[in-house]
Amino acid sequence: MADSNNNLPGNDLPMPAEVMVGQRLKILRTRKGLSLRALADLSLLNVNTLSLVENGKTSPSVGTLQHLAVALGVPISAFFESETIEKRVVFTVSDQRPPLDFGNTVFYNLGKDLAGNVVQPFVVDLEPGQGSGDRSTVHTGHEFVYCLKGAIHYRIEQVEYIMLEGDSLLFEAHLPHSWMNQGDTAAQILLILFPSDKREKIGSSHLLVEKMRKDLTMKIAVITDDGKSISKHFGRAFYFLVLTIKDGKIDNRELRQKVGHNHFHSAGNIEEDHNHGHGTGGQSHQKHTQMAEAIADCKVLICGGMGAGAYESMRQLNIQPLVTDYSDIDDAAQAFIEGTLSDHTELLH
């Protein structure tokens, strides 16, 4: 466990968690070529908070770590350890589990150095009042939780589950979820994350869903052909409907013309085949950039379907894409405001 003497010269004990996480965060951010401001925009976290984390001045919550992992396209375990040699077999002795201490929450990594991070298992100790943070989180793949002792409250979308010893949960991780020990005694869970390989390769198909603050003003774009319903094809849609969100409500609507595939076809470009993951080349990114010029002032793009390449292009342009199964624009916008709009990356083509 970390203590106040861990960072003294010559001390062989592990460095404090906040220092280790800060160092790893800076390395991962730099490798992605992101500034602090760019990472703040991607993660929807405050830039000053990120600066404090990187400099080891504060210990981030578990929820904050999950959001940063989402934005950087890395497993949460990437913050736990220095450079490693990947293993095909990981044997962890019970009293030698690598810990990461976040105040009254301790993560024990059971899969340290596993090649590919295809499974991410943890034992998590939580004191009363501790949990994932005050924001809902979504990510790819599936999540499995087994309550080892105590009681844990899990919230998935709008449903609450009270988990007692021996109870378990298995769910699609793109559903907004959070968890907390609301009991009076310490609790312990087995937490196993199963990210989706295909979505992980995209590098940014995770999505942090943050509950909107009432005083937040921002613009979001929706692809549409009629100004009322959400188009299922990003490239072929004719318009962007730009919504200004203010005080938790839609304050303004603006229909903007959108460059589409028909524009590039008339210019002599041949549209790519729509196999899975299409539109990922440099030429395609240029097209996506032109399409997004009309919504450069928007932070979020809601659509009913798009290619994997377009999804990644939007992320690179600091516009967070959201692939939804909603068809009505107002319904999707309200879900976004309430922080319950899921990112259905399985609908990418």
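The values are calculated or read from the model by the stated rules, or taken from the named source; none is laboratory data. None of these values were measured; they are calculated from a predicted model. Every residue, glycine among them, receives a Cβ derived from its backbone with ideal geometry; neighbour counts consider all protein chains shown.
If you go through segment 306-348, how many residues are crowded, with 22+ Cβ neighbours inside 10 Å and in contact with a Pro (Cβ under 7 Å, 6 or more places away or on another chain)? Summing the residues that are crowded, with 22+ Cβ neighbours inside 10 Å and in contact with a Pro (Cβ under 7 Å, 6 or more places away or on another chain) in segment 306-348 gives 3. Flag: residue 59 matches the condition of being modelled with pLDDT under 75, outside any helix (DSSP H, G or I) and hydroxyl-bearing (Ser, Thr, Tyr). For segment 162-185, the candidate set comprises residues that are more than 24 Å from residue 127 (Cβ to Cβ), without any contact (Cβ under 8 Å) to a residue 60 or more places away in the chain and not aromatic (Phe, Trp, Tyr); within that set, the residue that is surrounded by the most Cβ atoms within 10 Å (Cβ to Cβ) is 173.
Scanning segment 110-150 for residues that are of a type in the set (D, E, K, R) and at pLDDT below 85 yields a count of 4.
For residue 321, the criteria (1) at pLDDT below 85; (2) not in a helix (DSSP H, G or I) hold in every case but one, which is (1). Checking 34, 39, 68, 50 one by one, the residue that is outside any helix (DSSP H, G or I), of a type outside the set (Gly, Ala, Ser), at pLDDT 80 or above and under 20 Å from residue 319 (Cα atoms) is 34 and no other. Under the condition of being modelled with pLDDT of 75 or more and either farther than 23 Å from residue 186 by Cβ or within 22 Å of the chain's Cα centre (by Cα) (or both), the residues counted in segment 74-109 number 13.
Against the test of being crowded, with 18+ Cβ neighbours inside 10 Å, under 16 Å from the mean Cα position of the chain (by Cα) and not charged (D, E, K, R), the options 150, 141 yield a single qualifying residue, 141. The set of residues in segment 59-88 being free of Cβ contacts under 8 Å to residues at least 60 places away in the same chain and crowded, with 16+ Cβ neighbours inside 10 Å consists of 59, 60, 65, 68, 72, 74, 77, 78, 79. Across segment 331-344, not a single residue is classified as assigned to a strand (DSSP E or B) and in contact with a strand residue (DSSP E or B) (Cβ under 7 Å, 6 or more places away or on another chain).
Rundown of residues vs (1) in the same structural domain as residue 316 (by TED's automatic domain parsing); (2) farther than 16 Å from residue 311 by Cα; (3) modelled with pLDDT of 55 or more, yes/no style:
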| position | (1), (2), (3) |
| --- | --- |
| 252 | yes, yes, yes |
| 258 | yes, yes, yes |
| 263 | yes, yes, yes |
| 270 | yes, yes, no |
| 279 | yes, no, no |
| 283 | yes, no, yes |
| 286 | yes, no, yes |
